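Read through the structure below, which is laid out as structure tokens, and then see the notes.
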Amino acid sequence: MKVLLSWLSEFAPFVGTPAEIGDQLSGLGLAVEDIVTVGAGLDGIVVARVLDLRPHPDADRIQLVDVDAGDGEALQVCCGAFNMSVGDLVPFATLGSTMPNGMRSDVASCAASGPTGCSALRRRSASESTRMAS
């Protein structure tokens, strides 16, 4: 059974880190198999607003997307996802961010994106290599 630490704290005055509390509970006969920290490994991931979408002039499987990552400046990214619209709020990995699965957000070459290039995540699977929005 999964139990939130905040929920447990409503019933008993636990003191210590989650690992220490897990040890205390295990010592009482309640087996704690795993402790999961929600949001761990998501440093650099922000909520961005989609400002503009347009087809990539040289590729059918990606589109050019302008996003505002919260600083008021439009960033152009190449994106393989087509399930968004202008005004949507989307997760955005800022440059240099590393996902929990090891994917890293880097500047990549993107034809027709202009001299600044575009930000893209590279995800490689066993069968193919695709690009996703960073």
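The values are calculated or read from the model by the stated rules, or taken from the named source; none is laboratory data. All of these numbers come straight from a predicted model, not from anything done at the bench. A quick note on method: Cβ atoms are made from the backbone with ideal geometry, for glycine too, and the neighbour counts reach across all protein chains shown.
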Inset, instruction - For region 29-51, state whether one or more residues are in contact with a His (Cβ under 6 Å, 6 or more places away or on another chain), free of Cβ contacts under 8 Å to residues at least 24 places away in the same chain and within 19 Å of Ser105 (Cβ to Cβ). - result: no
Inset, instruction - Being outside the structural domain of Ile21 (by TED's automatic domain parsing), under 11 Å from the mean Cα position of the chain (by Cα) and more than 30 Å from Gly22 (Cα to Cα) narrows it down to one of Arg104, Arg54, Arg61, Arg49, so name that one. - result: Arg104
Legend entry - Residues that are surrounded by 11 or more Cβ atoms within 10 Å (Cβ to Cβ), under 19 Å from Asp60 (Cβ atoms) and modelled with pLDDT under 85, drawn from region 77-120: Ala108, Cys110, Ala111, Ala112, Ser113, Cys118, Ala120
